[in-house]
1. Label Asn69 and Leu38 with points 7 Å out from Cα along Cα→Cβ: what is the distance between them in nm?
2. Using 0.36 nm times the number of residues separating Asn62 and Glu49, minus their current alpha carbon distance, what extension gain do you get?
3. Can you list the trypsin sites (Lys or Arg not before Pro) in the stretch 131-217 that are in a DSSP coil and have 15 or fewer other beta carbons within 10 angstrom?
4. With unit charges on the beta carbon (Lys/Arg positive, Asp/Glu negative), name the residue among Ile160, Gly126, Val370 whose Cα is farthest towards the positive pole of the charge dipole of the chain.
5. By counting other Cβ atoms within 10 Å of each Cβ, how are Tyr248, Tyr393, Tyr213 ranked from fewest to most?
6. Restricting to DSSP H runs of at least four residues, report the calculated mean residue ellipticity at 222 nm for the chain, -39500 (n - 2.57) per run over all residues, nearest 500 deg cm²/dmol.
7. Grab the other residues whose beta carbon is less than 10 angstrom from that of Thr204, score K and R as +1, D and E as -1, and report the net.
8. How far apart, in nm, are two points set 7 Å out from the Cα along the Cα-to-Cβ line at Ala218 and at Arg127?
Amino acid sequence: MKRITLIIAAGLLSLSAGVTYAQEAEADAASMSQLLELIRQGQARDSQEARQRESRFTQERNQQQNLLNQARAERTRQENESSRLEQTFEENQQEIITARQQLDERLGALKELFGVLQTVSGDTQGRFNGSLTNLQYPEREEFLVTLGSKMASATELAQIEDIEQLWFMLQQEITLSGTNQRFNQLVTRADGTQEEMEVVRVGTLNLIADVGYLEHDAGEGSVSELLRQPDGRFTGSASDLFNAESGYSNLGIDVTRGGILGLLVETPTLSEKVDQGGIVGYSILALGAVGLLIAIWRFMGLTSASNKVRAQLKRDSASTDNPLGRVLAAYESNRNADTETIELKLSEAALKEMPGLTKGLLFIKVISVVAPLMGLLGTVTGMIKTFQVITLYGAGDPKMMAGGISQALVTTVLGLVVAIPMVLLHTIVSGQSRKIVNILQSQSAGLIAQHSEKSG
């Protein structure tokens, strides 16, 4: 039974395998047919695309050929046009040469006149641009520019009216240069704001207003207030002229037309010069101030003592409020002693007065010696800094070197400024002290001689 089952199973398997094989064979045949059909369709499609591409190529080639033919035709036309224009240009050049020859023949002597007029016109334009009168008559610039373009042109000539106008402007400039006129002008203040104010033009040299001198920028055609005005005596005279209604007024005029006034901005004031001295400079000034106070104090004290001594010389009785009176009091208290004792007592009394009479004099003398030495110290240190800067940046800029040396010498100047008055004050105060000491010595010698005569 088991064997029969196995046989049946084997038969079924064989049958199923046969069926499967038959199905696979049928499927393979169908796939090959489809593949063949696809190949046929692809060939047909490729042939159609090839024909389309060939057609497009042929069409584009024909278009390119047409464009090439058009470009060749245009080139030929342009060459012909260029030849025609060259011929026309040569003909025009010949006509211009002929016309210029005719113009030169007809101008005759006027040609030289127009040359001079062109030169004068250019010079006048440059002169007017830098003149203060241009602020009042700005329309002159437009006329001169137009005249200059006419004279530079080969097709235009100046008219007699233009020549007369140029002559009038020159005569007007000469007249205005000798007059003072008032007019309103937009002025840039020192703080950067602009303000229209009344100004006075002093010839063609300076501009002034109620704020002082003004600066004219010829390049920009603007007017501005100086950042720093000159000394009071100059600004005072400018104010007098500005406020004057008639008559004559003194005025300091900058003949360089603003050059000197412009330098005032870079010129340091007295306080700025002192600041350049630094710590050494301020130390010198402080030392000088102390010496001046001591000198004034000693001068007043010695003057008072000198007056009291002169008053004592006129009195018979001794007063202890002055040096001579105290010396005389010492003599009165030892009148009965011998000559040698009196001499010693008077010398002692005179020596006691010496410290009070010479007090502070040594300090004044020391200041007169120390001040220039401190100034020299400041100069040496400043020069060292200057040479260090030159070492770093070179000596190509003379202004930098001069500025550094100038700052270094400020301390020397300050030292001399302090030392010279101290020497004079020391001489004056010492002279007063020596006068009083001489009076004491002479009076003491007289008393000793008088006492010696009485004792003998």
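Every number here is computed from the coordinates shown, using simple stated rules; none is lab data. Since the structure is predicted, the reported quantities are computational estimates derived from the model, not experimental observations. Reconstructed Cβ throughout: ideal geometry from the backbone, glycine too, with neighbour counts over all protein chains shown.
1. Label at Asn69, label at Leu38, 4.9 nm between them.
2. On the way: separation 13, 0.36 × 13 = 4.68 nm, distance 2.00 nm.
2.7 nm is the gain from fully extending Asn62 to Glu49.
3. On the way: sites: Arg140, Lys150, Arg182, Arg189, Arg201; in loops: Arg189.
Those that pass, being in a loop and sparsely packed, are Arg189.
4. Val370
5. On the way: Tyr248 7, Tyr393 10, Tyr213 22.
Taking fewest neighbouring Cβ atoms as first place, the list is Tyr248, Tyr393, Tyr213.
6. Values: 12 runs with 339 residues, N = 456.
Computed ellipticity for the chain at 222 nm equals -26500 deg cm²/dmol.
7. Details: positive: Arg127, Arg201, Arg257; negative: Glu173.
So the surrounding residues net to +2.
8. Output for this residue pair reads 1.2 nm.
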